[in-house]
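Throughout, read-outs are computed from the coordinates displayed, never taken from laboratory work. Keep in mind that what you see is a predicted model, and the values were worked out from it rather than measured. Here the Cβ positions follow ideal geometry from the backbone for every residue, glycine too, while neighbour counts run over all protein chains shown.
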Amino acid sequence: MKTIRVGSGQGFWGDDLDAPVRQVEGGPLDYLMMDYLAEVTMSIMQKQRSRNPEAGYARDFIPLMERLFPTLIEKGVRVVTNAGGVNPTGCGEALLEVGRKAGVRAKIGVVTGDDLLERLPSLIAEGHELRNMETDEPLEGILDRVQSANAYIGSTPIVRALEGGADVIVTGRSTDTALTYGPLIHEFGWDDPDRIAQGVIAGHINECGAQASGGNAMVDWWTIPAMEAVGFPLVEVSEDGTFIVTKHPGTGGRINRAVVTEQILYEMGDPSEYITPDVVADFSTLDLDEIGPDRVRVHGVRGRPATDFLKVSIAYVDGWKATGTLVYAWPDAADKARAADRILRARFDRLGLEFDEVRTELVGWDATHGHLAGPPPADLPEVQLRIAVRGSDRASVERFTREIAPLVLTGPPSVTGFAGGRPRVQEIMAYWPALIRKEAVQPHLDVRILEVT
């Protein structure tokens, strides 16, 4: 039976840069998927592109590909990635250049059309209200503050690029899972919802890199071996949709039922209704079988036809924030930090500073569990006071940043750390999830094949 191996190479923008190399060089592989995007990443990339029209994609992807290109072409490993961010075309052009430097002959598929930012006014005029999925507010009320707007696209343009012979495919805001199941649809010709749903869960397991091979795992985490050279996961998929989660031999980490289950539960809402652009997957029917060391078989996933909508990820400016820290030492470390917090808040009132929110955490005591932490132990050796403010008035936030350092000599004793100097004022990017009918996006999706000769 034909088997296709799809390996995970990146779980987010900033992940282990050597992981894709280990995947390609460590054993058999047909496809390497690399996921770079999260909701906030798109707004960061859009800001970068506003300053430099050639930016807007994952820049570290380019030197990585220069390093990998000859091996990829030699071994016939095809790459599918959403590293294109808000500028897939720029990313594709940069790949052309490094491909020439590497001396390879290759085809690069560039998928565009997911970026809706410039189209928002006309889409709203056409009746697409893009209401917030959580508050039901129409987007028009904050349209002037929107920084990025991207539809989550599925497998169709990826399959088209593969049919066009692309060795590397660069997309914008593709769904994370489609980077894995798009190649499977191409290889097997799937049109059955159950099999595509199996591909979706394979993609869901792959999408976060080493989180499916022992990284960030809770069960027996202290026993997981050789995490300094962790093997990223790969899926060995059969034509019937069943697949095995594994990793290359000799790599660190662990793949077992518990670790894979944790990844499946990651970002899970209703497990019976995991919605993608290509299918609605029912994770509640799946089975996991450990069939050997670092080998877990996944089967039994069911699927239903896709909805008529695509999700849109929108980021918009929602004020300003800043965070300051001070470290207080024993004795009475927590009491000193709480006193400093009271002093700061009193100074805010005296100065007439207005904030939408002031949040205080004592790192080392209650930052993780909040009120559930209970009273601080009397012998707490040190604690970090971390206080953050947010608001629409930048001047108030700016003044806050000047009130942390004075506490060293005008507040409680035993300050042992003023980390990072004066806090930096940062613009807040808020998230606006919305839905749009597929027909508003699909005609604008485009696939270009660039040839490296």
- Task: For helix 88-102, report the angle its Cα long axis makes with the longest principal axis of the Cα atoms of the chain; keep it between 0 and 90° and round to the nearest 10°.
- Result: 70
- Counting pairs of alpha carbon atoms under 8 Å apart in space and at least six apart in sequence, what relative contact order in percent does the chain give? 18
- Set of lysines with alpha-carbon distance to residue 75 below 22 Å, sequence-local pairs under 8 removed: 2, 101, 107, 247
- Message: Taking 8 Å as the Cα distance limit and 6 or more residues as the minimum spacing, I'd like the relative contact order of the range 113-204 as a percentage.
- Response: 26
- On the formula 1/(1 + (r/R0)^6), with r taken between the Cβ atoms of residue 40 and residue 422 and R0 of 22 Å, the FRET efficiency rounded to 0.05 is 0.35
- As straight-line cross-link partners of residue 321, the qualifying lysines (C-alpha separation under 25 Å, not fewer than 8 residues apart within one chain) are 47, 336
- Query: If the cut-off is 19 Å between C-alpha atoms, which lysines fall inside it for residue 311, apart from same-chain ones fewer than 8 positions away?
  - Reply: 438
- When all Cα-Cα pair distances of the range 315-432 are considered, the percent exceeding 26 Å is 21
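Which order do peptides 317-330, 75-88 fall in by mean Cβ count within 10 Å, highest first? All intermediate terms of the calculation are to be shown ahead of the outcome.
On the way: 317-330: 20.0, 75-88: 25.3.
The most tightly packed comes first, giving 75-88, 317-330.
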- Over the range 315-432, what is the mean sequence separation of C-alpha contacts under 8 Å (at least six apart), divided by residue count, expressed as relative contact order in percent? 50
- Task: Measure nothing but the geometry: give the 0 to 90° angle between the long axis through the Cα atoms of 178-188 and the longest principal axis through the Cα atoms of the chain, rounded to 10°.
- Result: 10
- Message: As I understand it, the value is the acute angle between the Cα axis of helix 61-75 and the longest principal axis of the Cα atoms of the chain; what does it come to in degrees, rounded to 10?
- Response: 20
